[in-house]
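Taking it in order: structure first as structure tokens, then the write-up.
The values are calculated or read from the model by the stated rules, or taken from the named source; none is laboratory data. Fair warning: this is a prediction, and the values are worked out from it, not measured in the lab. Every residue, glycine as well, gets a Cβ built from its backbone with ideal geometry; the counts of neighbours run over all protein chains shown.
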Amino acid sequence: MFKKKFKKNKKAPLYKSFYYAFCGIKEGLFEERNMFIHFLFMIAVIICGIIFKINKSEWIACLILFALVMALELVNTAVENTIDICCPNINPKAKIAKDTAAGAVLIAAIFAATIGLIIFIPKFINLIL
């Protein structure tokens with residue numbers, strides 16, 4: 001009955017969206033020290049997972065945690081850079097925003113490490129004994 005006229009928004013093709021997303025990941029990985037550290041730990045866990053032959057459930061847990069920590073690190077980077085642009089001067093609220101974003105990454109990393117230890121310590125002990 002009602003015909004809506006939609007304006008055609010000229011959006012970039014889908015492949016460009018993926019390109020920009022991969023550029024963001026690359027930027028985070030090579031320009032953010034903590035992101036690179038998380039990446040190195042991810043590689044170490046993957047190698048340990050292969051060596052210790054972790055099961056499917058353990059791989060799923062590891063993959064979810066990799067995604068969570070890396071995604072939060074990228075969001076933290078975005079928050080920090082946005083705040084630096086918006087608030088070039090010292091601002092107590094900007095500090096709270098930056099600190100809480102960093103805290104979110106820290107919480108995820110601590111729990112990821114804890115779950116990693118729960119998965120790998122028994123396997124390491126079985127290897128020794």
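Here Ala61, Ala94, Ala44, Ala108 are screened, and the one residue that is under 13 Å from the mean Cα position of the chain (by Cα) and part of a helix (DSSP H, G or I) is Ala108. For Val105, the stated conditions hold: it is touching an Asp or Glu at 6+ places or on another chain (Cβ under 9 Å) and among the β-branched types (Val, Ile, Thr).
Output the number of residues of the stretch 23-71 satisfying the condition of being among the small types (Gly, Ala, Ser) and loosely packed, with under 15 Cβ neighbours inside 10 Å.
So the answer is 5.
Being modelled with pLDDT of 95 or more, under 17 Å from Thr114 (Cα atoms) and part of a helix (DSSP H, G or I) is true for just one of Ala78, Ala67, Ala71. Which residue is that? Exactly one residue qualifies, and that residue is Ala67. Would you call Ile83 assigned to a helix (DSSP H, G or I) and among the aliphatic types (A, V, I, L, M)? In short, yes.
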